[in-house]
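A short worksheet on the structure shown next.
The values are calculated or read from the model by the stated rules, or taken from the named source; none is laboratory data. Remember, predicted model here, so these are calculated numbers, not experimental data. We place every Cβ from the backbone using ideal geometry, glycine too, and count neighbours over all the protein chains shown.
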Amino acid sequence: MAANRRPIRLFLSGSLATCPVSGGHLKALERGAPLAGEIRIRDRNYARALVLRRFRAQGGGTANFIVRLGWTALQLTNPASKPFDLISYLQCLPPGWSPH
């Protein structure tokens, strides 16, 4: 990040049930542990399992992330540690279901 730029945190409030945003404010971001319930958006440089696992642990398991990544950046596995085939999974969704 350029020396003259400071990261900021955007706080929004509203209802997830009805989706309107009822308020918000910006705050300078001091690097540190994520807040409970925080969602951070990061670029592909952060798409590393160790970095994402550490972020979740620092947030007490309640912080989330959205990370842009390439198709082969992460090795997906199921709970039994077997390879997870995302395309096959999506093709087998019941009628009327679709990924977000």
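Values computed for the structure shown
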item: In the stretch 40-66, the residues that are more than 26 Å from I87 (Cβ to Cβ) and in a strand (DSSP E or B); result: R40
item: Residue within the stretch 77-96 that is of a type in the set (F, W, Y) and exposed (fewer than 12 other Cβ atoms within 10 Å of the Cβ) present; result: no
item: Which numbered condition P20 fails, given (1) over 26 Å from Y89 (Cβ atoms); (2) modelled with pLDDT of 75 or more; result: (2)
item: Residues that are within 11 Å of the chain's Cα centre (by Cα) and of a type in the set (A, V, I, L, M), drawn from the stretch 33-48; result: I39, I41, A47
item: Which listed residue, of L69, L35, is assigned to a loop (DSSP other than H, G, I, E, B), of a type in the set (A, V, I, L, M), in contact (Cβ under 8 Å) with a residue 12 or more places away in the chain and in contact with a helix residue (DSSP H, G or I) (Cβ under 9 Å, 6 or more places away or on another chain); result: L69
item: Pick from the stretch 53-75, criterion surrounded by fewer than 10 Cβ atoms within 10 Å (Cβ to Cβ) and not β-branched (V, I, T), ranking: nearest to R40 (Cα to Cα); result: G61
